[in-house]
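Worksheet: one structure, shown below.
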Amino acid sequence: INNVRNFDIVDDGIYFETAASRGQFSLCFYRFATGKSELIAKIDKEGHQCLSISPDRRWLLFDALEERGGDLWLVENFR
């Protein structure tokens, strides 16, 4: 796995982000049982320093770089 920037460990794997292209990052999941990673979503924001998955895995919290200021983004229905 190259260019992993942020991650969150859960009981059966690791959610992590990688740079996809400028202004975008990929959210992936590495499953311990299979030893394989899968793409969960491409997000049209440039991730920075924080990634956290809610305990029920319904919510993703991350910070994003913006030219001016910043926002808190909520990603619904990711799996």
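The values are calculated or read from the model by the stated rules, or taken from the named source; none is laboratory data. Predicted, not measured: the structure shown is a model, and the values here were computed from it. Positions of Cβ are generated from backbone atoms using ideal geometry, with glycine treated the same way; all protein chains shown enter the neighbour counts. Note: accessible area is taken over every heavy atom of the protein model, side chains too, but ligands, DNA and RNA are not part of it. Shrake-Rupley method; radii C 1.70, N 1.55, O 1.52, S 1.80 Å.
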When every residue in region 45-62 that is over 10 Å from the mean Cα position of the chain (by Cα) and at pLDDT below 85 is compared, the one nearest to PHE78 (Cα to Cα) is LYS45
Scanning region 23-43 for residues that are open to solvent by 30 Å² or more (accessible area, probe 1.4 Å) and closer than 16 Å to ASN77 by Cβ gives LEU39, ILE40, LYS42
The correct count of residues that are more than 23 Å from ASP63 (Cα to Cα) and among the aromatic types (Phe, Trp, Tyr) in region 25-40 is 1
In region 29-45, anything assigned to a strand (DSSP E or B) and closer than 17 Å to ALA64 by Cα is listed as ALA41, LYS42, ILE43
